[in-house]
Amino acid sequence: MYGFELGRFPVSAKVFCTLFLIGIGCGLVAAFAQTATAVGLSPAQVQASLAPEMPMTHLGHGQPAAEKEIDLGQVSAAAKVWIRTPLLIQTSHTHLFGQTLIAGILGSIFLFASLREWLKTAILALPFVATLIDIGGMWLTRFAWPGLASLVIVGGSLFALGYVLIAAISFYQLWLTKEARA
């Protein structure tokens with residue numbers, strides 16, 4: 001970008017970019033683990049978590065209460081977390097701000113990558129578009145059609161793909177290109 005390239009950054013800038021990318025990568029792994037354990041990674045699990053009505057376990061004959069204890073083996077059959085509308089609003093708010101900020105800072109680093117402009121543009125857009133697909137998919141699953149739960153998985157996967165592409169290309173150009181070693 002205008003003669004500035006990642007490989008020509010001073011060491012302090014390279015270290016800053018590298019540590020930021022590693023930190024965001026660790027956060028992405030933690031987000032994946034949280035999603036896998038709290039909601040699940042299949043469209044059916046996402047759909048159950050975003051269902052308008054809270055999923056219930058079946059009561060046994062003669063059971064006096066509407067609640068019953070279940071063991072961990074039964075949890076996987078129902079939603080692990082039921083996302084009511086206030087939680088969906090809160091999740092949307094924090095994720096739209098947070099993921100957009102992360103994508104913006106990632107993009108600020110990636111602007112200095114040496115790539116064809118169309119390719120750089122496509123990779124830069126990926127995390128932003130993915131965030132809209134992810135959050136939009138949550139709302140559409142909840143209020144339009146439960147079958148759109150796969151949009152949430154697609155959006156999260158595209159965000160992760162955007163991060164991996166940005167990080168891998170940036171690491172390579174920061175440290176391994178001929179310009180970086182000079």
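Values in this text are rule-based calculations from the coordinates and carry no lab data. Everything numeric here is computed off the predicted structure, so don't read it as measured data. Glycine gets a Cβ as well: all are built from the backbone with ideal geometry, and neighbour counts include every protein chain shown.
Data for the structure
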{"read-out": "FRET efficiency estimate (nearest 0.05) - Cβ-Cβ, ILE105 to ALA182, R0 30 angstrom", "value": "0.65"}
{"read-out": "Protection proxy ranking, peptides 109-116, 19-26, 152-159, average beta carbon neighbours within 10 Å, highest first", "value": "152-159, 109-116, 19-26"}
{"read-out": "Extension reserve of the GLU117-HIS95 stretch, reckoned as 0.36 nm per residue once the Cα distance is removed", "value": "5.1 nm"}
